[in-house]
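Heads up: the structure comes next, in structure tokens.
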Amino acid sequence: MAELKHIMAGLRNDAILWLTYCFQAEEARGDLDRVPLRAWQRSTAHRAHSDRSFDVIENNPAKLALAWLVPAVGAAIFVTIQCFSYLNGYVASGGTMQATTFDPAALWGVSIFYGAWVVPPLLALAATRATDWAMLVLGGLLFIMSTLAGVFDGLRDGGHLVGLELLAVTLPGAVALIMTWRHIRPS
């Protein structure tokens, strides 16, 4: 299966190369029939003697770190809007709603949980095999816990929070998990 993927990637790259040469030749000379064929023959001859392989998936740590920063920012936006929604409900009730208070341990726990969202992007920038796996495990745990907590809090505090959590944390978190898995798998 990996060999078929490699062959298909090579064919895709050859097609892109050929189209690029076609458009360049048409702009330069208007001679569309002969130049692309020569360019095609040069590119395939060079590739036959080259020991480089072209992968379909790029292993770019900066893109992976950016992918993990998006759900981290989404989690911060979600918890901010959740706090304002609670405050709005409390003020709207005229202070009759029971206030939620946090003890110091709960405040530390929330701070550590939302602060941990910074760790997967940093692990992505380290770009080693061990940190890639740590990024996948920690990011997956944060993704699952944020999704469950956000949906539970949203059902309790208002349906708009469920939609916000799914849009701001779950969707980009799923994309980051998939990108991380694809980054780790070919290695």
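The values are calculated or read from the model by the stated rules, or taken from the named source; none is laboratory data. Only a predicted model underlies this, so the values are computations on that prediction, with no experimental measurement involved. Cβ atoms come from the backbone with ideal geometry, glycine included; neighbour counts cover every protein chain shown. Each accessible area value is taken on the protein alone, full model and side chains, heavy atoms only, with ligands, DNA and RNA left out. Shrake-Rupley method; radii C 1.70, N 1.55, O 1.52, S 1.80 Å.
Can you compute the FRET efficiency between His160 and Val137 using 1/(1 + (r/R0)^6), with r the Cβ-Cβ distance and R0 = 41 Å? Round to the nearest 0.05.
Working from the Cβ atoms, E equals 0.85.
For segment 61-131, what is the accessible area per residue in Å² when the probe is 1.4 Å?
Numbers: 4400 Å² over 71 residues.
Accessible surface, normalised per residue, equals 62 Å².
Could you give the size of the charge dipole of segment 90-187 about its Cα centre, using +1 on the Cβ of each K and R and -1 on the Cβ of each D and E, expressed in debye and rounded to the nearest 20?
380 debye
Sorted by average packing, counted as other Cβ atoms within 10 angstrom per residue and highest first, what order do 65-74, 89-98 take?
My ranking of the peptides, most packed first, is 65-74, 89-98.
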